[in-house]
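The structure under discussion appears below in the form of structure tokens.
Here, each number is a calculation from the coordinates, and none is a lab measurement. These figures come from a predicted structure and were not determined experimentally. So basically every Cβ, Gly included, is an ideal-geometry build from the backbone, and we count neighbours across all protein chains shown.
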Amino acid sequence: MKPQAVLFDCDGVLVDSEPVTFGLIQEEFAAHGLSMTIAELEPLFLGHTIAETGAYARAKGADLPADWADTFYARMCARLAEGTALMPGVPELLDRLDATGVPYAVGSNGRRMKMEATLGQHPAIWAKLKDRLFSGQDLGCPKPAPDLYLIAARSLGADPAHCVVMEDTATGARAGVAAGMRVLGYAPQGASPALAGVGAEIVGSMFDVPGLLGI
């Protein structure tokens, strides 16, 4: 049955921002005494806030300054603004949702300034999403709490039980499940036991989503 609304995570779902972000985190940690590979970083920090990332690094011995989260955010946004691609199929999927009358919004653990840096590079996409962006950090309710997705659904006048969430991390998927929503786990690289393990339906391509939504 066609959903009342679709709610997207941003990083790793709408935009391919995670490789740049993890590369910068790796550089920052190494500069402050904590060496980790990208492979080690990814499972620890996917779906978490930058403040949580900094707290983990400090617990492992990194000598991060007190204002690290804020200064890192500025550097990260500047780096992402240099060029961040959309995930394949995103424009086509949003066009299909528009054509079938299904509203949508974005619920990200990232701050709005990060969404502006990434989505804002793509004028047509930005025009669709700029008034539908919800930040778990800015609102004080980051995932895995369900509040962010409940707020986004309410903004669209949609019943949570008839909403679909699209996520690429177990943290985000847990938020969608806790909100009582159907969760599609975006895994373009193949099977994702972490997503499947929290109840997400695995989807490997944005081009498959319309069929799964009945649109």
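Numbers at a glance
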item	result
Using alpha carbons only: equivalent-ellipsoid semi-axes of region 108-172, gyration tensor based, whole Å	20, 15, 11
Net charge of neighbours whose Cβ lies under 14 Å from the Cβ of MET181, counting Lys and Arg as +1 and Asp and Glu as -1	-1
Modelled FRET efficiency - R0 41 Å, GLU116 with LEU44, Cβ distances, 0.05 increments	0.95
Candidate lysines for bridging to LYS130, where Cα separation is under 27 Å - those fewer than 8 sequence places away on the same chain excluded	LYS2, LYS114, LYS143
Centroid-to-centroid separation of region 159-215 and region 90-133 [C-alpha atoms, Å]	17 Å
DSSP bridge orientation in the chain - percent antiparallel, rounded to nearest 5	5 percent
Neighbourhood charge, 12 Å Cβ-Cβ cut-off, centred on THR84 and excluding it, Lys, Arg +1 and Asp, Glu -1	-3
Relative packing of peptides 32-41, 176-185 - highest average C-beta neighbours within 10 Å first	176-185, 32-41
Kirkwood hydrodynamic radius (C-alpha pairs) into Stokes-Einstein, the chain, 10 °C and 1.306 mPa s, D in µm²/s	91 µm²/s
Cα gyration tensor shape for region 18-81, rounded if a/c is under 1.5, else prolate or oblate	rounded
MRE, 222 nm, helices only [DSSP H, n ≥ 4, -39500 (n - 2.57), over the chain, to nearest 500]	-13500 deg cm²/dmol
